[in-house]
Amino acid sequence: MEGFEKINLDQPVNLANDTVAPTTNAMSSPAPRRKMKFSFRNHRKIGVALAVVLLLLVLSVFTVVLPAQKTYKSAQKTYAQVQITIASIKKQDVASASTNLDQTRADLTETQKDLNSMSYLRFVPIANWYYSDATHLMNAGFHGLDAAGVLIDSIKPYADVLGLKGQGSFVGGTASQRIQTAVKTMGKITPRIDDISNDLNQARAEIDMVDPNHYPNFGPGAKVRTDLQKVKTLADQGTTFISDAKPLIKILPELLGDQQEKKYLVIFQNDKELRPTGGFITAYAIFRLDQGIVHVDTSSDIYTLDDTISNKPVAPKPILLYLPNVPQFNLRDSNLSPDFVNSMNTFMDMYKKAPGHTTVDGVIAVDTTALVAAMNILGDVEADGTTFTTKNDPRCDCPQVIYALESYADQPVQGIRTNRKGIIGDLMYAIMNKAFSSSPKLYWGPLFQTMLTETSEKHILFYSFNQDAQSGLEALNASGRILPFDGDYLHINEANFGGAKSNLFVTEGVTQNYSVGSDGTITKTLTINYKNPYPPSDCNLERGNLCLNAVLRDWIRIYVPKGSQLGTNQGSEVKMTSYDDLGKTVFEGFLTVRPKGATTFTVNYTLPFKLASNSTLPLLIQKQPGTNANDYIIQVNGKQTDEFPLSTDKTLKLNLR
């Protein structure tokens, strides 16, 4: 081979200088071409090189691989401990959560030490990215633990009052006395929300230093990149949420009547007769909070209150068009705006015209789903001589309490029954009274969690006239607001203008089908399928029957991004109109659904923006208060990409290409 000299094994070798000894043969041969020697010296160089490589490998094992393995195992141990801590929190076990938080901190500290042993990676190109990311995430973890620790320490004294596991500070006396003591001391605890907010801000700052783009979008790196993006999003949302909710949390003692009693107007919305903010306004009550204890000052039928208001204005156009024989604008029909705060402003303007109206500090709306949820925990409740249960009643295939309330309020009877719908206020008071007289350990925790769920699902809505409190409530999405959104938007809002309780029987399924043109134009086809599989009720009032299932007369409004263009439509029994409201474009129509029948409503429209190449489309779907988890389907060019029940507002990112 060129470059190497052929070794003549017959020639003697001078080991002193690794050269071949000259031959004694007198005959000479032509001089060979000059070639590189392959000598023992070269062998030694290769050996040294191999030794260096082996040494580097050994050093790598001890300085990189073993520390990395140790750090990885330590991180796994810490993660396992975090899961244990989360489990304690989910079980509402304050004492166990506190202990597990301490152990998590100890494990995280050990993981940090192991990571620090690899600090030399800061000087290694590319590797320094990942070491830096791990360090920032570690620091964020400590700040998160600090925030969690403050939160746990803050609620420890209220463990008994909140029905949590663990020994609280207010275990003596009656339930009412414990609540009073808790509310009085709450003002000393709530300022610590600033500490929680500061810790979360520092955690977010550390997470913001992590760059998900350091990780490949294929193989194992793709999951790391996705997880980091989720962590950054959650950190932003969590920090913003706490920051926005701070004003509400700080004045919570004041709202509960710590120093001065507060009064709230509680209205009952019958979601079985659906209206824009959750249901037909059936009854109302004035609740007074004094150091956390609820007192009911007034409970009455909304019709009785309506009759005290004179000189009512002419009813708005939708009522004149679709609600037969109602020429005047009544208090019970005032919740026409899908935005709860807007509707309650209208309600309060009319309510203040009623003789003897009460000045209140806010409005709380409750529907039948929330009542049933509370009774599922507390059991049977007695009110006004009637026992209410959540057992199924075959007359409506619904909880007995629903049928009993409808029967009490609407079924014709001989003689005069005053304050017919006021029974609802009595029932709400009976539920609260039973809750306060029940074991906190047994009932209060589940009740607290259930009410949070009912609020998130918009079966309970809040409107406080205190600006700070209202800001916090809106941060919790507890006020039924129509929200601004950058991207696609959908809110289907319906009103039952038939008088019957048809929404108890009608189901809805919603499909959104997207198509994108070559220029990025987005066209949507929205289809709503209605079904009522139940037979009609005998609605002959002379025979004294309860009219529950009759024709659903449905005023429908579709809220979409402002500037959307209405295309073809089917299913509306009137010509659909388009206009702007609440920062959205609205498509309005009207349809009917009969018992044992089905109806399909379809509308096609174009969004006011185009989809850029290689981008996703954000989508916010807002749930109408009072509705149950209607089934939603997402399609792209007719192919289904997602399906879910809409139990709360939902944000998605859609891949349309």
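Per-structure values
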item	result
Criterion violated by HIS143 - all others in (1) closer than 21 Å to VAL294 by Cα; (2) modelled with pLDDT of 75 or more; (3) in contact with an Asp or Glu (Cβ under 6 Å, 6 or more places away or on another chain) satisfied	(1)
Residue list for the range 282-322, filter: assigned to a loop (DSSP other than H, G, I, E, B) and at pLDDT below 90	GLN291, GLY292
Any hit, the range 336-356, residues being in a strand (DSSP E or B) and over 18 Å from THR453 (Cα atoms)	no
Condition broken by LYS653, with the remaining ones in (1) modelled with pLDDT under 95; (2) over 22 Å from THR585 (Cα atoms) satisfied	(2)
Selection from the range 215-238 of residues that are part of a helix (DSSP H, G or I) and either loosely packed, with under 15 Cβ neighbours inside 10 Å or at pLDDT 80 or above (or both)	PRO220, GLY221, ALA222, LYS223, THR226, ASP227, GLN229, LYS230, THR233, LEU234, ASP236, GLN237
Meets criteria (more than 16 Å from ASN335 (Cβ to Cβ) and in a helix (DSSP H, G or I)) for GLY472	yes
Filter result for TYR463 (in contact (Cβ under 8 Å) with a residue 40 or more places away in the chain, closer than 30 Å to VAL326 by Cα and in the same structural domain as TYR403 (by TED's automatic domain parsing))	yes
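The values are calculated or read from the model by the stated rules, or taken from the named source; none is laboratory data. Worth saying up front: this structure is predicted, and the values here are computed from it rather than measured. Counting neighbours? That spans all protein chains shown, and the Cβs are built from the backbone with ideal geometry, glycine included.
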